[in-house]
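Student: Next up is a structure, given as structure tokens.
The values are calculated or read from the model by the stated rules, or taken from the named source; none is laboratory data. All values derive from a computational prediction rather than experimental measurement. Virtual Cβ from ideal backbone geometry, glycine too; neighbours counted across all protein chains shown.
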Amino acid sequence: MKAITVRLDGGGLDALLKRVRMGQELGFDKFDLCISNPQAPLGRIVTALKENSVGVTALRLKEERQAAFVTRKPGYSKVCARDQKISQRSAEMIVETANQLAPTRPGFLVLEGGYVHTTGLNERQLQLDELLDCDECEETRNERLAEIVNVDQALAEQQLEAFCRGLHAIAKALSPLPICLLPPESPFGLLQPERMQHVFDDLPNVGYWHCTSNVAILHKLGGADSRDWIHRFGPQLKGVYLEDMLGGHGEQAPGLGEIDFEQLAPELAQGTVRVMVVNDDKGTKLRFGNEYLAKVGIF
């Protein structure tokens, strides 16, 4: 199954439907619906999607990075929060949003793990962004990484336990909707491979949803590569977000960045859901990415 992402962002419902129509013109009848704002008029969205015959392959709940860094208020990426009230309220928000969008009949719910609480996280992440964008930093990148990335492992384990408790509650409340987890886009993300494995051991019915750009960014910063993630979590793999990466910037059209999608193609099982993610309001890059993914055998 192939699909593309449509996102409810600052452009509102009109912009979302414009992207839907572009996708339909390219032959897509399935869509990954990405929601970042729990205060959005979700009832109107459900009605509009039904009127436009939009099939929702997956519902993805995420926060923009700046919002995800704010630890004093709940959000889709705060289930791992140290504050129990924020963690519980974040899980409740996910359940409430998924229930409101249930009439669209999503095939999967895709969630992020959030971030490990780190002093000066925003500033440290900006330093990582500079490293990713700097072509001349290749030789000194590992040395700089050791200075920037300093995660309290004991705290991360506490947050992981909070995340698993919250995920248990979410899975129970939304059963039988399948839930999948994304790899993080930062070394400060909670669900690095070992902690991701802990979640799957604790909740064997939870699935894995690969993201090509997230994993490419982590690999560029010294983490495991795409094959390692897919081989390790292959039994849990349900879907993949296909987006290229330039520097540290994801959501580029496949074929226009640094990722080798030809190597990825044989790693995907036939039943893996394939979702193209492109930040493009005009459709040109969508068309290019669609043709490129078909050429390399992913679509």
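Student: May I ask you to list the residues in segment 89-98 that are of a type outside the set (Val, Ile, Thr) and closer than 24 Å to ARG274 by Cα? Don't jump to the end; show me each part of the working.
Tutor: Here is the first cut: in segment 89-98, the ones of a type outside the set (Val, Ile, Thr) are 89-93, 96, 98.
ALA98, the sole residue that qualifies.
Student: Being in contact with a Phe, Trp or Tyr (Cβ under 9 Å, 6 or more places away or on another chain) and touching a residue at least 60 places away in the same chain (Cβ under 8 Å) is the filter here; which residues of segment 26-57 pass it?
Tutor: Taking segment 26-57 as the starting set, the residues that turn out to be in contact with a Phe, Trp or Tyr (Cβ under 9 Å, 6 or more places away or on another chain) are 32, 35-36, 38, 49, 54-57.
Hits for segment 26-57 are ASP32, ILE35, THR57.
Student: For the structure I just gave you, tell me whether ASP9 is over 18 Å from GLU243 (Cα atoms) and in contact with a Cys (Cβ under 9 Å, 6 or more places away or on another chain).
Tutor: Yes: the conditions hold for ASP9.
Student: Let me ask you something else. Within segment 13-69, which residues are under 29 Å from HIS117 (Cα atoms), aliphatic (A, V, I, L, M) and not in a loop (DSSP other than H, G, I, E, B)?
Tutor: Within segment 13-69, LEU33, ILE35, ALA58, LEU59, LEU61, ALA67, ALA68 meet the criteria.
Student: In segment 108-161, what residues are among the small types (Gly, Ala, Ser) and either surrounded by fewer than 11 Cβ atoms within 10 Å (Cβ to Cβ) or in contact (Cβ under 8 Å) with a residue 60 or more places away in the chain (or both)? Working first, answer last.
Tutor: Going through segment 108-161, the residues among the small types (Gly, Ala, Ser) turn out to be 113-114, 120, 146, 154, 156.
The answer is GLY113, GLY114, ALA146, ALA154.
Student: Here's another thing I want to ask about it. List the number of the failed condition for ASP225; all other conditions in (1) touching a Gly at 6+ places or on another chain (Cβ under 8 Å); (2) over 26 Å from ALA81 (Cα atoms); (3) surrounded by fewer than 20 Cβ atoms within 10 Å (Cβ to Cβ) hold.
Tutor: Status for ASP225: all satisfied but (1).
Student: Can you find a residue that is in contact (Cβ under 8 Å) with a residue 40 or more places away in the chain, under 30 Å from LEU160 (Cβ atoms) and not basic (Lys, Arg) anywhere in segment 5-14?
Tutor: yes
Student: What number of residues in segment 31-72 are surrounded by fewer than 21 Cβ atoms within 10 Å (Cβ to Cβ), charged (D, E, K, R) and at pLDDT 95 or above?
Tutor: Count: 0.
Student: Mind listing just one residue for me: the one in segment 124-181 that is part of a loop (DSSP other than H, G, I, E, B) and of a type in the set (D, E, K, R) and, of those, nearest to GLN236 (Cα to Cα)? Don't jump to the end; show me each part of the working.
Tutor: Initially, segment 124-181 is screened for residues part of a loop (DSSP other than H, G, I, E, B), giving 134, 138-140, 149-152, 175-178.
Okay, now just the ones that are also of a type in the set (D, E, K, R), so 138-139, 152.
On the way: GLU138: 33, GLU139: 36, ASP152: 28 Å.
If we take residues in segment 124-181 being part of a loop (DSSP other than H, G, I, E, B) and of a type in the set (D, E, K, R), then ASP152 is nearest to GLN236 (Cα to Cα).
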